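Here the structure comes first, spelled out in structure tokens, and everything after it is commentary.
The values are calculated or read from the model by the stated rules, or taken from the named source; none is laboratory data. Since the model is a prediction, treat every value here as computed from it, not as a measurement. No Cβ is skipped: glycine too gets one built from the backbone with ideal geometry, and neighbour counts run over all protein chains shown. What goes into the accessible areas is simple: the full protein's heavy atoms, side chains included, and nothing from ligands, DNA or RNA. Shrake-Rupley method; radii C 1.70, N 1.55, O 1.52, S 1.80 Å.
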Amino acid sequence: MNHFDLVICGAGPVGCTIAERAANQQGWKVLIIEKRNHIAGNCYDCYHKSGVMIHRYGPHYFRTNNKEIFEYLSKFTDWIPGDYFVKSYSRGELFNFPINLETLEKFYNLKLSVKEAKELIENVREKIEFPQNSEEYVLSKVGRELYEAFYLGYTLKQWERHPKDLDASVCGRIPVRFNKDSRYSDYKYQVTPSQGFTAMFQKMIEHPNISVMLQTDYKQIKPFVKPRIATVYTGPIDEYFDYKLGKLPWRSLDFEFKEYYQEYKQPCVQINYPNDFDYTRTVEIKHVTKQKCWNTVISYEYSKSSGDPYYPVPAPENAALYKKYEELAMLEQSINRVFFVGRLAAYRYYNTDQVIEAALKTFNQIQNLNPQN
Ligand code: FAD
Ligand code: UDP
């Protein structure tokens, strides 16, 4: 156990990236400890018993503006275009979502030029110069009627919180457009790994210097492993410190996967349900993976407050508690060389490209350390 240079808790995107760099760039021996029975963290994809590929922990749409991250990952996978199209079911109909020109035309039952659409929204939006929360953000962009039709119910279901009690950045993830572009996001690169995320991360860590222990809780073996260089921790930060400052709130999800005996069940990969049903969204990932098969699987997503941590809850009081944990983490880093990186360890609503960027930055810090006795 003590002949490793680096010990990494968590085989998610961060764990795999740092392991890959450490082994290939430094020739270090790396041990990854993962409590689940698979690698790839929440990006994990696999085959459902029906033979259809699924995204086990929710749909993962890889997108980035960062050319370096795209090029770095391209060493481990080929890509196919990311066909990320989403609709929202409101008032008994499907609308393009994010809101775009076609959404506005259908919602207001009007034929609109871009100029007319902009004028319409200028009339209905609330003039809030510096939105302080998600409600103010959306009201300032599109006004109350569209907010209530597309955002309010979805946000309440997803977070069990009012949009007023969430940072503006939460609903700020969703663009509003006045053209007919109906992609889910605006990023420059929108691609998906041709063989899936798990295959991409597997390729990253295929190296004789990298060992992976699955189904092992880091906590249980922590007293027995002393890496020569450093430890990277990618689990929840409050858990690492035994919740001694209190629990950070996390949102979790239940996924129900149902097979259908038809080639496709819905018109696009994701349908959001802001106002109907208990689930928040249905996902037919086949639209993205482009798998050729006669049957399909829909994932129904239900949000809940307990269970595996999937989402940090971006709100001022949680940021304040996280800051206190961050201070402990900084001490832990300087005394015991434990580095806290990733969505759970940094309590940040990070996308995959962002955690990979953070992982590469952390690796640059770690690689300058000398072995400790
Ligand atoms: P994780 O992927 O969470 O991996 C951490 C790993 O550490 C896990 O495997 C966990 O089991 C393990 N671990 C934790 N504690 C311990 C312990 N004590 N011992 C051993 N192992 C431990 N990103 C996008 O870019 N596009 C998307 O469309 C997108 N959609 C998402 C949808 C959902 C529902 C969710 C939840 C996330 C989504 N993301 C998306 C975000 C993406 O999943 C994360 O940014 C990314 O997985 C974070 O990587 P990570 O390595 O920090 O953490
Ligand atoms: N959101 C909403 N209506 C939607 C989709 C999103 O109100 O139809 C809000 C909601 O608060 C959600 C946030 O925007 O949590 C971010 O949405 P995104 O699709 O980026 O969430 P993720 O894919 O990370 O679950």
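Going by the conditions given, is LYS106 in contact with a strand residue (DSSP E or B) (Cβ under 7 Å, 6 or more places away or on another chain) and either within 16 Å of ligand 1 (Cβ to nearest atom) or not hydrophobic (A, V, I, L, M, F, W, C) (or both)? Please lay out each step first, then the result.
Details: in contact with a strand residue (DSSP E or B) (Cβ under 7 Å, 6 or more places away or on another chain): yes; either within 16 Å of ligand 1 (Cβ to nearest atom) or not hydrophobic (A, V, I, L, M, F, W, C) (or both): yes.
It is true that LYS106 is in contact with a strand residue (DSSP E or B) (Cβ under 7 Å, 6 or more places away or on another chain) and either within 16 Å of ligand 1 (Cβ to nearest atom) or not hydrophobic (A, V, I, L, M, F, W, C) (or both).
Could you give me the residue pairs with C-beta distances under 9 Å whose first residue belongs to the stretch 13-38 and is within 17 Å of ILE366 (Cα to Cα) and hydroxyl-bearing (Ser, Thr, Tyr), whose second residue is assigned to a helix (DSSP H, G or I) and more than 14 Å from ligand 1 (Cβ to nearest atom) wherever it lies, and which are 6+ apart or on separate chains?
Correct list of pairs: THR17/TYR72.
Criterion first (more than 16 Å from ligand 2 (Cβ to nearest atom), crowded, with 23+ Cβ neighbours inside 10 Å and under 28 Å from ASN370 (Cα atoms)) does ALA40 satisfy it?
Working: more than 16 Å from ligand 2 (Cβ to nearest atom): yes; crowded, with 23+ Cβ neighbours inside 10 Å: yes; under 28 Å from ASN370 (Cα atoms): no.
The answer is no for ALA40.
Take the residues of the stretch 43-63 that are among the charged types (D, E, K, R) and not in a loop (DSSP other than H, G, I, E, B): which is surrounded by the most Cβ atoms within 10 Å (Cβ to Cβ)? Break it down stepwise before answering.
Our first condition is that a residue be among the charged types (D, E, K, R); within the stretch 43-63, this holds for 45, 49, 56, 63.
Cutting the leftovers down to not in a loop (DSSP other than H, G, I, E, B) gives us 45, 63.
On the way: ASP45: 23, ARG63: 21.
Selected residue: ASP45.
Considering only residues that are under 30 Å from LYS286 (Cβ atoms) and in a strand (DSSP E or B), which ones fall in the stretch 210-232?
Here is the first cut: in the stretch 210-232, the ones under 30 Å from LYS286 (Cβ atoms) are 212, 214-215.
Answer for the stretch 210-232, where residues must be under 30 Å from LYS286 (Cβ atoms) and in a strand (DSSP E or B): just VAL212.
For the stretch 119-144, enumerate the residues that are assigned to a helix (DSSP H, G or I), touching a helix residue (DSSP H, G or I) at 6+ places or on another chain (Cβ under 7 Å), in contact (Cβ under 8 Å) with a residue 24 or more places away in the chain and within 14 Å of ligand 2 (Cβ to nearest atom).
Across the stretch 119-144, the qualifying residues are SER134, GLU135, GLU136, TYR137, VAL138, VAL142.
Any idea which of GLU263, GLU284 is in contact with a Cys (Cβ under 9 Å, 6 or more places away or on another chain) and closer than 19 Å to SER182 by Cα?
Values: GLU263 fails: closer than 19 Å to SER182 by Cα.
Just one listed residue meets the conditions, GLU284.
Collect the residues in the stretch 96-118 that are over 30 Å from LYS286 (Cβ atoms) and either free of Cβ contacts under 8 Å to residues at least 12 places away in the same chain or open to solvent by 30 Å² or more (accessible area, probe 1.4 Å) (or both), keeping them in residue-number order.
Of all residues in the stretch 96-118, those over 30 Å from LYS286 (Cβ atoms) come to 108-118.
Within the stretch 96-118, TYR108, ASN109, LEU110, LYS111, LEU112, SER113, VAL114, LYS115, GLU116, LYS118 qualify.
Can you tell me which residue is farthest from LYS203 (Cα to Cα) among those in the stretch 1-55 that are touching a Phe, Trp or Tyr at 6+ places or on another chain (Cβ under 6 Å) and basic (Lys, Arg)?
Restricting to residues being touching a Phe, Trp or Tyr at 6+ places or on another chain (Cβ under 6 Å) and basic (Lys, Arg), the top hit is LYS29.
Can you tell me which residue in the stretch 145-175 is least open to solvent (accessible area, probe 1.4 Å), limited to those that are of a type outside the set (Val, Ile, Thr) and not in a helix (DSSP H, G or I)?
Residues of the stretch 145-175 of a type outside the set (Val, Ile, Thr): 145-154, 156-169, 171-173, 175.
Then drop every residue that is not not in a helix (DSSP H, G or I), which leaves 160-162, 166-167, 172-173, 175.
Working: GLU160: 126, ARG161: 52, HIS162: 55, LEU166: 2, ASP167: 48, GLY172: 33, ARG173: 85, PRO175: 23 Å².
Within the stretch 145-175, the match that is least open to solvent (accessible area, probe 1.4 Å) is LEU166.
Mind telling me which of the residues ASN370, ASN351 ends up being within 30 Å of ARG228 (Cα to Cα) and surrounded by fewer than 20 Cβ atoms within 10 Å (Cβ to Cβ)? It would help to see each step written out before you state the result.
Numbers: ASN351 fails: within 30 Å of ARG228 (Cα to Cα).
Just a single option satisfies the conditions, and that option is ASN370.
Mind checking which residues of the stretch 73-95 are open to solvent by 10 Å² or more (accessible area, probe 1.4 Å), in contact with a Ser or Thr (Cβ under 8 Å, 6 or more places away or on another chain) and more than 19 Å from LYS286 (Cα to Cα)?
Correct list: LEU94 only.
Among the residues of the stretch 9-29, count how many are away from ligand 2 (no atom under 16 Å from the Cβ) and either over 20 Å from the mean Cα position of the chain (by Cα) or assigned to a loop (DSSP other than H, G, I, E, B) (or both).
We begin by selecting, within the stretch 9-29, every residue away from ligand 2 (no atom under 16 Å from the Cβ); these are 9-11, 14-29.
The next check asks that each one be either over 20 Å from the mean Cα position of the chain (by Cα) or assigned to a loop (DSSP other than H, G, I, E, B) (or both); those that pass are 10-11, 19-29.
Counting residues in the stretch 9-29 that are away from ligand 2 (no atom under 16 Å from the Cβ) and either over 20 Å from the mean Cα position of the chain (by Cα) or assigned to a loop (DSSP other than H, G, I, E, B) (or both) gives 13.
How many residues are within 16 Å of ligand 2 (Cβ to nearest atom), open to solvent by less than 70 Å² (accessible area, probe 1.4 Å), part of a loop (DSSP other than H, G, I, E, B) and not acidic (Asp, Glu) when one looks only at the stretch 233-280?
The number of residues fulfilling the criteria is 8.
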